[in-house]
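Visitor: Got a structure here, written out as structure tokens. Questions coming.
The values are calculated or read from the model by the stated rules, or taken from the named source; none is laboratory data. On a predicted model such as this, the values are computed, not experimentally measured, just so you know. Note that each Cβ is placed from the backbone with ideal geometry, even for glycine, and that neighbours are counted across all protein chains shown.
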Amino acid sequence: MHLGNARTALLAWLSARATGGALAMRVEDLDGPRVRPGLERRILEELAWLGLDWDEGPDVGGPFGPYRQSERAGRYAAALDALRARDLVYPCFCSRKEIAAASQAPHGPGDEVRYPGTCRHLSEAERRRREASRLPAWRFRVPEGPGAVVEVEDALHGRVRFDVAREVGDFVVMRADAVAAYQLAVVVDDAAMRITEVVRGDDLLPSAARQLLLYRALGLEPPRFAHVPLVVGEDGERLAKRHGALSVGELRERGAAPEAVAGLLASLCGLAPAGARLRPRELLDGFSLARVPRQAAVLAGERLARLAP
């Protein structure tokens with residue numbers, strides 16, 4: 001559990017607990033290369049060690065399971081079928097290399113390559129010809145004109161507008177290997193699990209616009225969004241190995257106390273002074289996402305060094 005992700009988990013936990021809500025633990029394990037045996041168990045253990053708990057999840061069950069995305073493929077396939085029936089998606093035979101090399105493919109936010117629409121208007125005959133040699137991914141048809149501009153109401157960033165057609169173009173909802181893309185999977189799952197609030201890093205704020213398009217297309221009710229600023233190193237860059245011990249597990253193995261790590265995370269949220277030692281429940285009184293600073297949190301190296309005895 002990366003410290004930046006642990007900080008976001010703490011804020012999600014605080015927001016749910018402070019308002020009397022229930023917290024769902026969902027394991028998003030669709031990214032094959034990053035899924036390794038034992039990691040799920042370790043992450044859950046580390047969050048519990050910090051003092052966080054949840055009401056639903058793969059280890060405790062709940063009314064909206066299963067809680068691993070790898071076990072929910074049928075739901076994603078059904079959503080894709082619903083979109084296909086209304087011609088809101090189309091098969092795409094382009095590789096990532098081909099898209100990146102397209103001269104008409106400018107870059108959008110975060111250096112993301114905009115899809116130039118190569119396969120959007122293929123004839124049925126051309127689709128069949130290409131299917132003979134390559135399985136397609138499926139892309140969502142982003143509306144043209146004003147319909148492509150999506151307004152996201154965010155608890156921390158306020159009202160933010162995105163022109164999805166101009167910034168990213170038609171986006172993948174199902175990969176060529178029949179694994180659901182992040183955008184579709186979280187929309188289907190959040191609706192099915194009756195999630196009312198999503199707290200996550202603000203690097204995913206542009207994704208909210210794409211997800212709102214899918215919520216509308218599928219006739220589903222979207223949750224409230226709260227995109228919290230990321231944790232960065234003293235150089236202003238996102239946390240990386242060069243910044244030191246960055247995982248809860250590493251700090252735990254070095255002998256850091258859970259109260260010290262929770263205190264560090266709380267200080268990175270603007271909820272406690274540097275050097276605080278506490279348990280998450282001590283932060284509940286008076287907690288509000290409005291108290292979280294709008295700028296990125298800076299993690300100084302010496303603060304990490306002081307955690308381990």
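Visitor: Confirm whether Arg252 is touching an Asp or Glu at 6+ places or on another chain (Cβ under 8 Å) and more than 16 Å from Ala9 (Cα to Cα).
Guide: Spelling it out, Arg252 is indeed touching an Asp or Glu at 6+ places or on another chain (Cβ under 8 Å) and more than 16 Å from Ala9 (Cα to Cα).
Visitor: Of the conditions (1) more than 21 Å from the chain's Cα centre (by Cα); (2) in the same structural domain as Glu167 (by TED's automatic domain parsing); (3) not β-branched (Val, Ile, Thr), Leu214 clears all except one; give me its number.
Guide: (1)
Visitor: Every residue in the range 29-59 that is at pLDDT below 95 and either touching a His at 6+ places or on another chain (Cβ under 6 Å) or part of a loop (DSSP other than H, G, I, E, B) (or both), please.
Guide: Within the range 29-59, Asp29, Leu30, Asp31, Val35, Arg36, Pro37, Gly38 qualify.
Visitor: Can you go through Leu44, Leu39, Leu83 and tell me which one is aliphatic (A, V, I, L, M), assigned by TED's automatic domain parsing to the domain that holds Ala260 and crowded, with 19+ Cβ neighbours inside 10 Å? Please lay out each step first, then the result.
Guide: Numbers: Leu39 fails: crowded, with 19+ Cβ neighbours inside 10 Å; Leu83 fails: assigned by TED's automatic domain parsing to the domain that holds Ala260.
Result: Leu44 is the single residue among Leu44, Leu39, Leu83 that is aliphatic (A, V, I, L, M), assigned by TED's automatic domain parsing to the domain that holds Ala260 and crowded, with 19+ Cβ neighbours inside 10 Å.
Visitor: Just a yes or no: is a residue in the range 33-44 among the hydrophobic types (A, V, I, L, M, F, W, C), free of Cβ contacts under 8 Å to residues at least 60 places away in the same chain and touching a Gly at 6+ places or on another chain (Cβ under 9 Å)? Break it down into steps so the answer makes sense when it comes.
Guide: Looking only at the range 33-44, we keep the residues that are among the hydrophobic types (A, V, I, L, M, F, W, C), and these are 35, 39, 43-44.
Subset that is free of Cβ contacts under 8 Å to residues at least 60 places away in the same chain: 35, 39, 43-44.
Next, from what is left, pick out any that are touching a Gly at 6+ places or on another chain (Cβ under 9 Å): 43-44.
Yes, some residue in the range 33-44 is among the hydrophobic types (A, V, I, L, M, F, W, C), free of Cβ contacts under 8 Å to residues at least 60 places away in the same chain and touching a Gly at 6+ places or on another chain (Cβ under 9 Å).
Visitor: Could you list all residues from the range 196-220 that are surrounded by fewer than 19 Cβ atoms within 10 Å (Cβ to Cβ) and farther than 26 Å from Val232 by Cα?
Guide: The answer is Thr196, Tyr215, Arg216, Leu218, Gly219, Leu220.
Visitor: Just checking, which of Ala9, Ala24 is surrounded by 13 or more Cβ atoms within 10 Å (Cβ to Cβ), assigned by TED's automatic domain parsing to the domain that holds Leu283, among the aliphatic types (A, V, I, L, M) and closer than 19 Å to Arg72 by Cα?
Guide: None of the other options fit; the residue is Ala24.
Visitor: Residue by residue through the range 212-249, note down the ones that are at pLDDT 95 or above and at positive phi.
Guide: Gly219
Visitor: Let me ask something additional. On the given criteria, is Cys94 over 29 Å from Pro223 (Cα atoms) and touching a Phe, Trp or Tyr at 6+ places or on another chain (Cβ under 7 Å)?
Guide: no
Visitor: Let me ask something additional. Are any residues in the range 17-68 aromatic (Phe, Trp, Tyr) and in contact with a Leu (Cβ under 9 Å, 6 or more places away or on another chain), and if so, which ones? Don't jump to the end; show me each part of the working.
Guide: Pass one, the range 17-68, residues aromatic (Phe, Trp, Tyr): 49, 54, 64, 67.
Trp54, the sole residue that qualifies.
Visitor: Quick check on this structure: which one of Ala165, Ala178, Ala137 is in the same structural domain as Tyr90 (by TED's automatic domain parsing) and free of Cβ contacts under 8 Å to residues at least 24 places away in the same chain?
Guide: Just one listed residue meets the conditions, Ala165.
Visitor: Go through (1) in the same structural domain as Ala296 (by TED's automatic domain parsing); (2) under 19 Å from the mean Cα position of the chain (by Cα); (3) β-branched (Val, Ile, Thr) one by one and return the number of the condition Val261 breaks.
Guide: So Val261 meets the others, but not (2).
Visitor: Now for a separate question. Can you work out which of the residues in the range 12-21 that are surrounded by fewer than 19 Cβ atoms within 10 Å (Cβ to Cβ) and aliphatic (A, V, I, L, M) is farthest from Asp55 (Cα to Cα)?
Guide: Ala18
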